[in-house]
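Structure first, then comments.
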Amino acid sequence: MEATTFVLFGATGDLAKRKIYPALYNLFIDQKLPQSFSVFGLGRREVSDEAFRASVEHSLRTFSRREVSDQEQLNSFLSGFRYSVLDVGHKEDYKKLLGMIEQREKELDLAPNRMFYLSVGPEFFETIATNIKESGLGATSGWKRLMIEKPFGHDLQSARDLNEHLSKTFEENEVFRIDHYLGKPMVQKLEVLQQSNPVLQALWSNRYIANVQITANETVGVEERAGYYDKVGAVRDMFQNHMLQLLMMLAIHLPKNSTSKDVRFKKKMVMESLEPLEKEHVQSHVVRGQYDAGSIQGKPVVGYTSEPSIPQSSMNDTFIAARLQIDDVFWRDVPFYIRTGKRLKEKSTRIVIEFKEPLKQQTKVNDDTRVPNLLVFEISPNEGISLQLNTRDPQHKGEFKPIQIDFHSIRSDVPEAYENLIHDALHGDPTFFAHWDEVELSWKWVQPILNAFQENAVPLHHYSAGSYGPAESDALLARDGYHWWFDSKTEKENTDAKGEQYAYHTNH
Ligand SMILES: NC(=O)C1=CN([C@@H]2O[C@H](COP(=O)(O)OP(=O)(O)OC[C@H]3O[C@@H](n4cnc5c(N)ncnc54)[C@H](OP(=O)(O)O)[C@@H]3O)[C@@H](O)[C@H]2O)C=CC1
Ligand SMILES: O=C1O[C@H](COP(=O)(O)O)[C@@H](O)[C@H](O)[C@H]1O
């Protein structure tokens with residue numbers, strides 16, 4: 001892999017410590033970093049190179065998925081780390097940084113390939129891009145790339161403004177917009193599963209699929225992020241980016257040997273085919289919720305408006321559920337239900353595909369015991385795929401007995417999302433990053449919801465912490481004759497449905 005200088009804005013921040021350093025370390029151990037690799041950490045704090053390396057080491061010992069046991073290996077990894085004080089608005093700091101980088105590139109005879117990673121608040125993105133250009137940092141004879149954290153804009157217009165600004169310094173093919181859900185191993189597998197399995201390809205349409213349910217439930221509340229979260233809510237924090245990316249990844253139809261260009265083109269087509277939501281229809285298609293006090297795993301927790309630094313009068317959404325339709329030949333008339341929220345009963349991110357039951361409609365047999373076929377992609381915290389089928393119960397002839405075929409990976413060495421994403425960006429592979437077209441179309445689709453929320457044109461439904469969200473979220477599916485799978489209120493059904501289980505765990 002080509003020699004690279006990794007320039008990290010926000011090197012003293014939370015994300016760098018929890019995700020970026022552990023990801024770099026694991027890539028180093030797996031020999032997936034370039035042979036010549038230097039990191040320049042940046043922040044306003046005065047930190048010596050030694051203190052910086054010590055803080056990186058601390059973060060590895062605290063957050064790395066691998067135990068840090070080989071000191072020699074660790075020292076070798078840390079030897080590439082340097083720190084420079086930089087205030088994003090101080091032009092002279094960029095000049096100083098350029099001098100340091102050039103010197104290092106010369107010392108090591110490195111090709112001048114520069115990866116700029118913006119792990120700072122979005123209010124700094126434009127200033128940094130401008131200063132990279134004006135200081136000469138971006139004028140390299142090697143490649144330059146930009147990795148940029150979310151949020152990418154606050155609404156459609158601000159996202160367009162930001163993109164226009166960034167494009168003065170970086171070409172679209174140099175911009176790697178991170179959506180960490182695209183780095184999750186199961187999400188990355190969706191593409192391969194579809195491309196390489198004719199069985200799935202054959203079933204992937206409105207002919208066989210009744211509905212699709214995409215869930216990202218969290219147990220955590222607003223935590224220490226009140227200032228950020230109260231301005232964005234679940235709709236901007238999760239729905240506009242992660243949830244719509246999951247929808248795109250699930251709904252695309254990919255021919256064999258698709259390239260990254262094909263993937264992006266098909267994702268764009270999905271977004272273009274999403275039936276637009278007019279503001280007056282938001283209320284019937286979208287459920288807005290906010291958590292009240294309750295209990296999570298047996299521990300009492302306060303309601304959203306009693307969280308530190310959240311105003312008592314806040315109408316912010318901590319939950320959103322929506323019904324979407326893709327108007328193309330594959331998905332016409334298949335509802336896609338999406339929901340995500342904080343302080344819910346359990347942490348679970350999954351996609352459930354519920355298949356149609358044509359036989360049930362056609363035959364007169366008493367088949368109340370039969371359950372729909374389900375294909376379930378468990379994304380996190382556990383990763384797995386399961387398929388629910390019907391068979392006969394040998395003890396109660398005439399009754400159906402569901403079986404579940406379960407595949408769960410029990411590998412402990414699965415790379416984390418940030419490892420996958422940093423690795424891909426170092427290789428210049430954009431497949432699992434959000435292209436501007438997707439980001440723009442996502443904001444465009446979401447904008448009427450933002451407007452309706454802002455004008456309070458949609459009721460704010462309250463739900464108890466530790467539940468599965470407001471009752472109106474269930475009603476959204478009940479109207480079509482469906483229910484959310486795997487919620488506790490359908491647990492009996494799920495237990496009944498369990499029948500026999502065939503589990504397949506693999507270490508491969
Ligand atoms: N933390 C997380 O889990 C996630 C974070 N993100 C995004 O990542 C980005 C960083 O988040 P996070 O690490 O949590 O934020 P933190 O507040 O923990 O860190 C912010 C970083 O920015 C630096 N910084 C702040 N002001 C300036 C300035 N004027 N000049 C130079 N550097 C500055 C700080 O360094 P210093 O104080 O030394 O100046 C610090 O290193 C944000 O965009 C966030 O939305 C996205 C997904 C998850
Ligand atoms: O981007 C974000 O994601 C996390 C949830 O990520 P996960 O990988 O734990 O599912 C969410 O908690 C956070 O609010 C949001 O900003």
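The values are calculated or read from the model by the stated rules, or taken from the named source; none is laboratory data. Just so it is clear, the structure is predicted and the values come from calculations on it, not from any experiment. We place every Cβ from the backbone using ideal geometry, glycine too, and count neighbours over all the protein chains shown. Ligands, DNA and RNA are stripped out before the accessible areas are found, and what is left, the full protein with its side chains, is counted by its heavy atoms. Shrake-Rupley method; radii C 1.70, N 1.55, O 1.52, S 1.80 Å.
Values for this structure:
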{"item": "Relative contact order computed over the stretch 4-149 (Cα-Cα under 8 Å; 6+ residues apart), in percent", "result": "31"}
{"item": "Exposure of ARG479 as accessible area (Å², to 10), given a probe of 1.4 Å and all protein chains", "result": "150"}
{"item": "Positive-end extreme of charge dipole, the chain - chosen from ILE209, ALA434, VAL302 (charges on Cβ)", "result": "ILE209"}
{"item": "1.4 Å probe accessible area per residue over the chain, in Å²", "result": "45"}
{"item": "Loop sites in the stretch 243-338: GluC sites (Glu not before Pro), DSSP, at most 13 other Cβ within 10 Å", "result": "GLU278"}
{"item": "Loop-located GluC sites (Glu not before Pro) in the stretch 1-85 whose Cβ has at most 15 other Cβ within 10 Å (DSSP)", "result": "GLU2, GLU46, GLU67"}
{"item": "Whole-angstrom gap from the stretch 9-69 to the stretch 232-260, using each part's C-alpha centre", "result": "29"}
{"item": "Cα gyration tensor shape for the chain, rounded if a/c is under 1.5, else prolate or oblate", "result": "prolate"}
{"item": "Beta bridge orientation in the chain: antiparallel %, DSSP, nearest 5", "result": "50"}
{"item": "Inter-part distance where the stretch 100-138 and the stretch 319-361 are each reduced to a Cα centre, Å", "result": "42"}
{"item": "Simple Cβ-charge dipole of the chain, Lys/Arg +1 and Asp/Glu -1, about Cα centre, in debye nearest 20", "result": "560"}
{"item": "Zone residues, the stretch 128-151, relative to LYS95, backbone N less than 18 Å from point 7 Å out along Cα-to-Cβ", "result": "128, 130-139"}
{"item": "Percent of beta bridges antiparallel (DSSP, the stretch 4-149, rounded to nearest 5)", "result": "0"}
{"item": "Accessible-area composition of the stretch 4-149, carbon plus sulfur, in percent [1.4 Å probe]", "result": "46"}
{"item": "Spatial separation of Cα centroids for the stretch 467-487 and the stretch 408-455, in angstrom", "result": "26"}
{"item": "Sequence-distant aspartates and glutamates (8 or more away, or on other chains) whose Cα lies within less than 18 Å of LYS231", "result": "GLU123, GLU149, ASP155, GLU223, GLU307, ASP317, GLU455"}
{"item": "Prolate/oblate/rounded call for the stretch 155-263, Cα gyration tensor, a/c under 1.5 rounded", "result": "oblate"}
{"item": "Anisotropy class of the stretch 51-137 from Cα gyration tensor, a/c 1.5 cut", "result": "oblate"}
{"item": "Helix-only CD estimate at 222 nm, as mean residue ellipticity for the chain, using -39500 (n - 2.57) per DSSP H run (n ≥ 4)", "result": "-10000 deg cm²/dmol"}
{"item": "Set of aspartates and glutamates with alpha-carbon distance to LYS91 below 12 Å, sequence-local pairs under 8 removed", "result": "GLU134"}
